[in-house]
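Accompanying notes for the structure given below.
The values are calculated or read from the model by the stated rules, or taken from the named source; none is laboratory data. On a predicted model such as this, the values are computed, not experimentally measured, just so you know. Here Cβ is always computed from backbone atoms with ideal geometry, including for glycine, and neighbour counts include all displayed protein chains. Heavy atoms of the whole protein, side chains included, go into the accessibility calculation; ligands, DNA and RNA do not. Shrake-Rupley method; radii C 1.70, N 1.55, O 1.52, S 1.80 Å.
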Amino acid sequence: MDKEIAAKTAAQRLLCEDGYPIAATLYKTNSPRGTIIIAPALAATQSFYADFAGFLSSQGFDCITFDYRGSGDSLSKTKPYDISLEDWGIQDIEAVIRFAKQRCRSFPENHPIHLIGHSIGGQLVGLSQSSRDLDRIVHVAVSAPYWRRWPCPLNVKMLAVSRVLIPFFSAFRDQFPSRRLGLGGMDVPVSVVKQWARWMSCRDYMFDPRFELDLSGYQALGQPLLSLSFSDDDMAPDSNIAHILTNFPNARVTRRHVDVSILKKGAVRHAGFFKPRFEKSLWQETLAWLMDSEANTQRQPQTARERVAE
């Protein structure tokens, strides 16, 4: 991060409703046109999103990044490792949205709050009670990762990850060694990784009734939602992305599947969207969608596909 961007950031300590403190970073701008929250992927540090957050700030938006409880700068030594994935949605994402809403009281009434969810960050958004107050939602590589929906042989690989690799490397540990295994930028609680593996074993993923989650929030989401997927992303195949969108039944969905070969900027895969080389293509396209007040006034078919070029 350069000095100009760094000077505009402020570290925050947000207290969740259950008393757990999480670390966040506020990227501030003068007279912001809105606030954008970035909900991170599993095992992704908030610093991973610094370049993208700095870009959004340079375009006139306040931006908030954060670490989920039990990981990164939100690792509390005083709490046991009984953290669940739903905590990240019900408590952590909720705390960040509430913080954004509180700040908005000093801004004009038309100050929008958007959320960009990367992978699990987009999966969990409906668990937050305040998610219905968001103006727009962007999914970046967000899917319902049921192992049978991957094509062969990737389905076998994902089955091995959930049934063999995760249980083996979770044994006798509090933290899952994501960094050492090349599965993320930081270690995360074993409890959430084991839960993620259980979700992946079910066709409806986290939305399966056996997990007894309150999913009413997803029904309440009626705002525009942009779903971004990428042709080289083996972690989020088309079938899994289509499936999760069925659980946002009232959102006004725009489905955009990016042919990476058109971009000519290298691989995107599951996390490359947030790399600065896409500032003039993917980043600008996404920002334009967030700023377009007349876009998506009518629900788009979930099978719609758009080719995005630089």
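Observations, loosely collected:
- Enumeration of residues in segment 13-50 that are assigned to a loop (DSSP other than H, G, I, E, B) and not small (Gly, Ala, Ser): CYS16, GLU17, ASP18, TYR20, LYS28, THR29, ASN30, PRO32, ARG33, PRO40, LEU42, THR45
- Residue among ARG173, ARG198 that is open to solvent by 30 Å² or more (accessible area, probe 1.4 Å) and under 23 Å from ILE90 (Cβ atoms): ARG198
- Taken over segment 225-267, the criterion of being part of a loop (DSSP other than H, G, I, E, B), within 13 Å of VAL142 (Cα to Cα), open to solvent by 20 Å² or more (accessible area, probe 1.4 Å) and charged (D, E, K, R) is satisfied by ASP234 alone.
- Condition check for GLY222 on (1) assigned to a helix (DSSP H, G or I); (2) surrounded by fewer than 21 Cβ atoms within 10 Å (Cβ to Cβ); (3) not acidic (Asp, Glu): one failure, at (1).
- When each of ALA271, ALA288, ALA267, ALA242 is tested for being of a type outside the set (S, T, N, Q) and over 27 Å from ALA50 (Cβ atoms), the lone residue that passes is ALA242.
- All of (1) of a type outside the set (Gly, Ala, Ser); (2) within 21 Å of ALA271 (Cβ to Cβ); (3) part of a loop (DSSP other than H, G, I, E, B) hold for HIS111 with one exception: (2).
- All positions within segment 163-180 that are aromatic (Phe, Trp, Tyr) and more than 19 Å from SER76 (Cα to Cα): PHE168, PHE169, PHE172
- Every condition in (1) out of contact with any Pro (no Cβ under 6 Å at 6 or more places or on another chain); (2) of a type outside the set (Val, Ile, Thr); (3) under 30 Å from GLN284 (Cα atoms) is met by ARG136 except one, and the failing one is (1).
- Those residues of segment 51-73 which are part of a helix (DSSP H, G or I) and in contact (Cβ under 8 Å) with a residue 60 or more places away in the chain, in sequence order: ASP51, PHE52, PHE55, LEU56, GLY72
- Restricting segment 17-55 to residues that are open to solvent by less than 40 Å² (accessible area, probe 1.4 Å) and of a type in the set (S, T, N, Q), the residue that is nearest to PRO112 (Cα to Cα): THR35
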